[in-house]
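All remarks here apply to the structure that follows.
The values are calculated or read from the model by the stated rules, or taken from the named source; none is laboratory data. Everything quoted here is computed from the prediction, not taken from an experiment. Note: ideal-geometry Cβ built from the backbone for every residue, glycine included; neighbour counts use all protein chains shown.
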Amino acid sequence: MNLLHRIPFLSVVLLLAWTLASQAQTADASSMDTPPAGSTVITSDELHSDQLNHTSVFNGNVMVVGTNFNLTCDEMKVLFNKEGKVDHIIATGNVVINQPGRVTHSGQVDYYSVDDKFVLTDQPVIVDNKNQLSATKITIYRATQSMTTEGKTKTILVNGGIGSSTPAPAPAPLPDK
(Lines give C-alpha, C1' and ligand atoms only; values in the text may rest on other atoms or scores of the structure.)
Protein backbone atom coordinates (compact mmCIF):
# COMPACT_ATOMS: atom_id res chain seq x y z
CA MET A 1 0.00 0.00 0.00
CA ASN A 2 1.54 3.34 -0.96
CA LEU A 3 1.74 6.43 1.23
CA LEU A 4 -1.21 8.15 -0.47
CA HIS A 5 -3.45 5.23 0.42
CA ARG A 6 -2.12 4.99 3.98
CA ILE A 7 -2.28 8.73 4.77
CA PRO A 8 -6.12 8.74 4.93
CA PHE A 9 -5.90 6.14 7.71
CA LEU A 10 -3.98 8.73 9.71
CA SER A 11 -6.80 11.17 9.01
CA VAL A 12 -9.45 8.74 10.20
CA VAL A 13 -7.52 8.09 13.38
CA LEU A 14 -7.12 11.79 14.10
CA LEU A 15 -10.78 12.46 13.45
CA LEU A 16 -11.82 9.70 15.83
CA ALA A 17 -9.52 11.03 18.52
CA TRP A 18 -10.70 14.57 18.17
CA THR A 19 -14.35 13.66 17.99
CA LEU A 20 -14.00 12.22 21.47
CA ALA A 21 -13.09 15.69 22.73
CA SER A 22 -16.72 16.71 22.46
CA GLN A 23 -17.80 13.60 24.34
CA ALA A 24 -15.25 14.19 27.09
CA GLN A 25 -17.38 17.04 28.44
CA THR A 26 -20.18 14.66 29.43
CA ALA A 27 -18.16 11.63 30.54
CA ASP A 28 -18.99 10.14 33.94
CA ALA A 29 -15.93 10.43 36.22
CA SER A 30 -16.20 6.81 37.36
CA SER A 31 -16.17 5.55 33.76
CA MET A 32 -12.90 7.40 33.09
CA ASP A 33 -10.94 5.03 35.35
CA THR A 34 -11.51 2.03 33.08
CA PRO A 35 -12.65 3.12 29.62
CA PRO A 36 -14.58 0.61 27.50
CA ALA A 37 -12.66 -1.34 24.87
CA GLY A 38 -12.12 0.69 21.70
CA SER A 39 -12.32 4.01 23.54
CA THR A 40 -10.11 6.98 22.86
CA VAL A 41 -8.65 8.60 25.99
CA ILE A 42 -7.44 12.21 26.15
CA THR A 43 -5.29 13.32 29.07
CA SER A 44 -3.82 16.74 29.71
CA ASP A 45 -2.61 18.92 32.55
CA GLU A 46 -5.68 21.14 32.14
CA LEU A 47 -8.98 21.29 30.27
CA HIS A 48 -10.81 24.57 29.74
CA SER A 49 -14.28 24.19 28.24
CA ASP A 50 -16.47 27.16 27.32
CA GLN A 51 -19.99 26.07 26.37
CA LEU A 52 -21.09 29.60 25.40
CA ASN A 53 -18.20 30.07 22.97
CA HIS A 54 -18.29 26.43 21.81
CA THR A 55 -14.63 25.65 22.61
CA SER A 56 -12.60 23.17 24.61
CA VAL A 57 -8.87 23.58 25.12
CA PHE A 58 -6.62 20.79 26.41
CA ASN A 59 -3.36 22.30 27.76
CA GLY A 60 -0.05 20.78 28.78
CA ASN A 61 1.20 17.27 28.08
CA VAL A 62 -1.79 16.46 25.89
CA MET A 63 -1.96 12.77 25.02
CA VAL A 64 -4.61 11.11 22.91
CA VAL A 65 -4.55 7.30 23.04
CA GLY A 66 -6.77 5.32 20.74
CA THR A 67 -6.85 2.10 18.82
CA ASN A 68 -3.62 1.83 16.78
CA PHE A 69 -2.41 5.38 17.43
CA ASN A 70 -1.11 7.86 19.99
CA LEU A 71 -1.03 11.63 19.57
CA THR A 72 0.90 14.02 21.80
CA CYS A 73 1.05 17.81 21.67
CA ASP A 74 1.35 20.85 23.91
CA GLU A 75 -2.20 22.12 23.28
CA MET A 76 -5.31 20.91 21.48
CA LYS A 77 -8.17 23.34 20.85
CA VAL A 78 -11.54 22.00 19.69
CA LEU A 79 -14.08 24.41 18.18
CA PHE A 80 -17.69 23.24 17.95
CA ASN A 81 -20.56 24.46 15.79
CA LYS A 82 -23.86 25.54 17.37
CA GLU A 83 -25.16 21.95 17.14
CA GLY A 84 -22.26 20.77 19.32
CA LYS A 85 -20.39 18.96 16.53
CA VAL A 86 -16.67 19.36 15.92
CA ASP A 87 -16.00 22.16 13.43
CA HIS A 88 -12.25 22.81 13.67
CA ILE A 89 -9.47 21.23 15.70
CA ILE A 90 -6.03 22.74 16.23
CA ALA A 91 -3.21 20.69 17.78
CA THR A 92 -0.08 22.77 18.40
CA GLY A 93 3.38 22.45 19.83
CA ASN A 94 5.48 19.35 19.20
CA VAL A 95 2.65 17.37 17.60
CA VAL A 96 3.66 13.71 17.26
CA ILE A 97 1.35 11.02 15.91
CA ASN A 98 2.48 7.39 16.32
CA GLN A 99 0.86 4.59 14.35
CA PRO A 100 2.15 1.13 13.50
CA GLY A 101 4.89 1.70 10.91
CA ARG A 102 4.41 5.48 10.79
CA VAL A 103 5.35 8.56 12.82
CA THR A 104 4.28 12.10 11.96
CA HIS A 105 5.97 15.18 13.44
CA SER A 106 4.55 18.67 13.00
CA GLY A 107 4.40 21.97 14.80
CA GLN A 108 0.68 22.27 14.07
CA VAL A 109 -2.11 20.05 12.75
CA ASP A 110 -5.51 21.54 11.86
CA TYR A 111 -8.65 19.56 11.05
CA TYR A 112 -11.53 21.22 9.16
CA SER A 113 -14.73 19.17 9.29
CA VAL A 114 -16.51 21.08 6.48
CA ASP A 115 -13.82 20.09 3.98
CA ASP A 116 -12.91 16.86 5.83
CA LYS A 117 -9.23 17.75 5.58
CA PHE A 118 -6.12 17.90 7.71
CA VAL A 119 -3.49 20.60 7.27
CA LEU A 120 -0.02 19.94 8.70
CA THR A 121 2.25 23.00 9.06
CA ASP A 122 5.35 24.14 10.93
CA GLN A 123 7.89 21.67 9.52
CA PRO A 124 5.70 18.59 9.03
CA VAL A 125 7.45 15.26 8.40
CA ILE A 126 5.78 11.91 7.78
CA VAL A 127 7.99 8.86 8.28
CA ASP A 128 6.31 5.79 6.77
CA ASN A 129 8.48 2.80 7.69
CA LYS A 130 11.83 4.18 6.45
CA ASN A 131 10.35 6.46 3.77
CA GLN A 132 9.93 10.17 4.48
CA LEU A 133 7.86 13.06 3.18
CA SER A 134 8.39 16.63 4.32
CA ALA A 135 7.10 19.96 3.03
CA THR A 136 6.26 23.44 4.18
CA LYS A 137 2.59 22.43 4.25
CA ILE A 138 0.90 19.03 3.78
CA THR A 139 -2.87 18.87 3.20
CA ILE A 140 -4.67 15.54 3.46
CA TYR A 141 -8.19 15.20 2.03
CA ARG A 142 -9.93 12.22 3.66
CA ALA A 143 -12.93 11.92 1.34
CA THR A 144 -10.89 11.72 -1.86
CA GLN A 145 -7.92 9.94 -0.26
CA SER A 146 -5.58 12.52 -1.74
CA MET A 147 -2.78 14.72 -0.52
CA THR A 148 -1.04 17.89 -1.67
CA THR A 149 2.06 19.68 -0.51
CA GLU A 150 3.04 23.32 -0.72
CA GLY A 151 6.49 24.84 -0.57
CA LYS A 152 9.70 22.91 -0.73
CA THR A 153 8.85 19.21 -0.71
CA LYS A 154 11.30 16.41 -0.06
CA THR A 155 10.49 12.73 -0.53
CA ILE A 156 12.93 9.99 0.46
CA LEU A 157 12.09 6.53 -0.86
CA VAL A 158 13.98 3.60 0.65
CA ASN A 159 14.07 0.08 -0.77
CA GLY A 160 11.74 0.44 -3.71
CA GLY A 161 9.32 3.14 -2.73
CA ILE A 162 6.70 4.27 -0.29
CA GLY A 163 4.85 1.38 1.27
CA SER A 164 7.01 -1.19 -0.51
CA SER A 165 8.21 -4.16 1.46
CA THR A 166 10.37 -5.49 -1.37
CA PRO A 167 13.78 -4.17 -2.28
CA ALA A 168 14.21 -2.09 -5.42
CA PRO A 169 15.20 -4.06 -8.51
CA ALA A 170 18.86 -4.12 -9.47
CA PRO A 171 19.82 -1.46 -12.00
CA ALA A 172 19.81 -2.51 -15.63
CA PRO A 173 23.25 -3.56 -16.97
CA LEU A 174 25.12 -1.07 -19.10
CA PRO A 175 25.29 -1.92 -22.82
CA ASP A 176 28.55 -3.38 -24.17
CA LYS A 177 30.66 -1.00 -26.21
Tally the residues that are in contact with a helix residue (DSSP H, G or I) (Cβ under 9 Å, 6 or more places away or on another chain) and among the aliphatic types (A, V, I, L, M), restricting the search to segment 58-96.
8
Every residue from segment 93-147 that is on the phi > 0 side of the Ramachandran plot and among the polar types (S, T, N, Q)
Asn94, Gln123, Asn129, Gln145
Do you know which of the residues in segment 37-57 that are in contact with a helix residue (DSSP H, G or I) (Cβ under 7 Å, 6 or more places away or on another chain) and in a strand (DSSP E or B) is modelled with the lowest pLDDT?
Ile42
Ala135 versus (1) out of contact with any helix residue (DSSP H, G or I) (no Cβ under 9 Å at 6 or more places or on another chain); (2) surrounded by 14 or more Cβ atoms within 10 Å (Cβ to Cβ); (3) in contact (Cβ under 8 Å) with a residue 24 or more places away in the chain: which is the lone unmet condition?
(3)
Subset of segment 58-74 (residues that are closer than 17 Å to Ser39 by Cα and either not small (Gly, Ala, Ser) or not in a strand (DSSP E or B) (or both))
Val62, Met63, Val64, Val65, Thr67, Asn68, Phe69, Asn70, Leu71, Thr72
Which listed residue is among the β-branched types (Val, Ile, Thr) and in contact with a Ser or Thr (Cβ under 6 Å, 6 or more places away or on another chain), from Val114, Val125:
Val125
What residue, among those in segment 21-36 that are among the polar types (S, T, N, Q) and under 21 Å from the mean Cα position of the chain (by Cα), is modelled with the lowest pLDDT?
Ser22
With respect to Val95, determine if the residue is in contact (Cβ under 8 Å) with a residue 12 or more places away in the chain, in contact with a Cys (Cβ under 6 Å, 6 or more places away or on another chain), hydrophobic (A, V, I, L, M, F, W, C) and under 22 Å from Asn61 (Cα atoms).
yes
Collect the residues in segment 38-56 that are closer than 16 Å to Thr72 by Cβ and among the β-branched types (Val, Ile, Thr), keeping them in residue-number order.
Thr40, Val41, Ile42, Thr43
